[in-house]
Amino acid sequence: MLEALFSEIYMKFKLNFYRKIFSRFETREASLTAVETLCVEVIYALDKPTINEFARFVMISQANAAYKVQSLIKKGYVLKERSETDKREFTLTVTDKFKHYYGQSAEYMDEVMRRIRERFTENEIRIFEYFLETISNELMPEIILNKKLQLS
């Protein structure tokens with residue numbers, strides 16, 4: 001039961017995100033391919049990775065990663081900035097254009113969070129937050145986020 005419910009919730013968030021992406025194709029607002037969308041989301045989640053860090057994370061060659069990043073730069077979704085700690089390196093950051101694009105997709109998350117706050121007591125929400133924090137920090141050690149993602 002737990003596995004099925006967790007899978008169902010995860011699938012609903014993914015399907016809502018995909019629906020938003022495809023609706024942009026319908027209105028010709030989309031300028032990112034599906035793969036580019038995934039790449040820029042990974043760059044955002046990794047919080048200023050180098051091209052090499054991005055390539056290693058998504059398990060592609062550095063040349064392939066550089067090609068994908070260059071396309072995202074041309075489209076205005078990613079910037080390549082000189083590293084503050086090592087002037088020989090460049091880090092990747094997302095632009096406001098991406099944040100706007102991504103923010104529209106995060107509206108569903110905001111709506112679900114609003115519904116949670118309406119449906120559950122403060123104590124139940126604190127317990128839920130504890131479970132989520134434990135899952136994120138202790139039970140998912142394979143993925144480490146450098147920052148807390150700002151979704152809205």
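Does residue 73 qualify as being under 22 Å from residue 33 (Cβ atoms), free of Cβ contacts under 8 Å to residues at least 24 places away in the same chain, not assigned by TED's automatic domain parsing to the domain that holds residue 143 and not in a helix (DSSP H, G or I)?
So residue 73 does not fit the description; no.
Give me the residue from the range 1-35 that is outside any helix (DSSP H, G or I) and surrounded by 16 or more Cβ atoms within 10 Å (Cβ to Cβ) and, out of that set, modelled with the lowest pLDDT.
30
Please state which one of 72, 46, 38 is surrounded by fewer than 15 Cβ atoms within 10 Å (Cβ to Cβ) and under 17 Å from the mean Cα position of the chain (by Cα). First the steps, then the outcome.
On the way: 72 fails: surrounded by fewer than 15 Cβ atoms within 10 Å (Cβ to Cβ); 46 fails: surrounded by fewer than 15 Cβ atoms within 10 Å (Cβ to Cβ).
Exactly one residue qualifies, and that residue is 38.
The values are calculated or read from the model by the stated rules, or taken from the named source; none is laboratory data. Keep in mind it's a predicted model, so treat the numbers as computed, not measured. For neighbour counting, all protein chains shown are included, and Cβ atoms are generated from backbone atoms with ideal geometry for every residue, glycine included.
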